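Have a look at the structure below, then the notes.
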Amino acid sequence: MTRTAATKSLLAALAAGALAAIFFVGTPAEAQYRPPPVEVIATLVPVYHEGHATYWYNGYWHYRDGRGAWTYYHVEPAFLREHRLHHPAYYHHYGRR
């Protein structure tokens with residue numbers, strides 16, 4: 001193998017590795033999703049949208065899907081955006097006053 005051919009194959013292998021790294025590491029997997037902590041869900045007053053309770057936490061609206069698993073809106077719905085802008089998140093306090 002000539003030096004040029006070896007260099008080209010090395011560059012091709014590096015490019016393929018870089019593309020694989022971007023594909024597998026650059027985008028977060030669904031398994032990396034972390035739902036809101038139970039302390040937040042227990043105290044945050046939900047906003048009902050599309051028939052389920054949604055919670056504004058960490059920059060996203062989170063809700064339980066039809067199977068009971070947590071998920072979130074990747075794009076904020078207009079109704080929830082308007083609600084968030086006009087009504088700040090309200091936490092219910094269960095302690096004594």
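What the table below lists for this structure:
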| quantity | calculated |
| --- | --- |
| Set 95, 66, 51, 59: member being at pLDDT below 95 and under 15 Å from the mean Cα position of the chain (by Cα) | 59 |
| First in the stretch 20-46 and in a loop (DSSP other than H, G, I, E, B), second anywhere and of a type in the set (A, V, I, L, M) and at pLDDT 85 or above, Cβ under 8 Å, 6 or more apart | 36/44; 46/53 |
| Boolean, residue 78 is out of contact with any Asp or Glu (no Cβ under 8 Å at 6 or more places or on another chain) and at pLDDT 90 or above | yes |
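The values are calculated or read from the model by the stated rules, or taken from the named source; none is laboratory data. Everything numeric in this text was worked out from a predicted model, so none of it was measured. So basically every Cβ, Gly included, is an ideal-geometry build from the backbone, and we count neighbours across all protein chains shown.
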